[in-house]
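Quick notes on the structure that follows.
The values are calculated or read from the model by the stated rules, or taken from the named source; none is laboratory data. No experiment lies behind these values; they were computed from the predicted model shown. Reconstructed Cβ throughout: ideal geometry from the backbone, glycine too, with neighbour counts over all protein chains shown. In case anyone asks, the SASA skips ligands and DNA or RNA and just uses the protein heavy atoms, side chains included. Shrake-Rupley method; radii C 1.70, N 1.55, O 1.52, S 1.80 Å.
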Amino acid sequence: QVQLVESGGGLVQPGGSLRLSCAASRRTFTYNDRGWFRQAPGKEREFIAAISISGDRILYGDSVKGRFTISRDNAKDTVYLQMNNLKLEDTAVYYCAAGLMATTESGRYDYWGQGTQVTVSS
């Protein structure tokens, strides 16, 4: 069992930045790839970014390309999502997920965190 804990969410003005973190409760030798998704009220869960264990496979959703950056520190079992130039439409609960492969498909992730709220508002 892998537990994921997100942190770093909060309230930010449009154009601002936030960095989300996703820490794993224990090291896993299998579910090492990570993804970030978000879900706004009344909307479907949306793929944001994914990264493989080695960092050689990185994917981004179209809505965040050029603004968000995913990275990881394997020594800390932590994945980060740097979010720059935030927009009102980025407001959502952001979830971290762990799986066998970095992918855009939410159904292929095996473990999920509880989520962290990001609110972009002036």
Residue-normalised accessible area of the stretch 46-122, expressed per residue, 1.4 Å probe, Å²
48
Checking the cross-link filter: which lysines have an alpha carbon closer than 28 Å to that of residue 43, excluding same-chain neighbours under 8 positions apart?
65, 87
Sticking with the crude label model, points 7 Å out along Cα→Cβ, report the distance from residue 101 to residue 5 in nm, one decimal please.
3.2
State, as an integer percentage, the relative contact order of the chain based on alpha-carbon contacts under 8 Å between residues 6 or more apart.
36
Apportionment of accessible area to carbon and sulfur, the chain, percent (1.4 Å)
45
Computed label-point distance, nm, for sites residue 52 and residue 117 using a 7 Å Cα→Cβ extension:
3.8
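Calculate the dipole size of the chain relative to its Cα centre from +1 charges on Lys and Arg beta carbons and -1 charges on Asp and Glu beta carbons; express the result in debye to the nearest 20.
180
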Rounded to whole Hz, the Karplus (6.51, -1.76, 1.60) HN-Hα couplings of the stretch 97-113, x for glycine and proline
9, 10, x, 7, 8, 5, 8, 7, 8, 5, x, 9, 9, 9, 10, 9, x
Spin-label pair residue 13/residue 40, simplified geometry with 7 Å Cα→Cβ offset, distance in nm:
2.1
Geometric extent, Cα atoms of the stretch 41-122 - Rg, Dmax (angstrom):
12.8, 39
Solvent-accessible area of residue 112 with every protein chain in place, 1.4 Å probe, in Å² to the nearest 10:
70
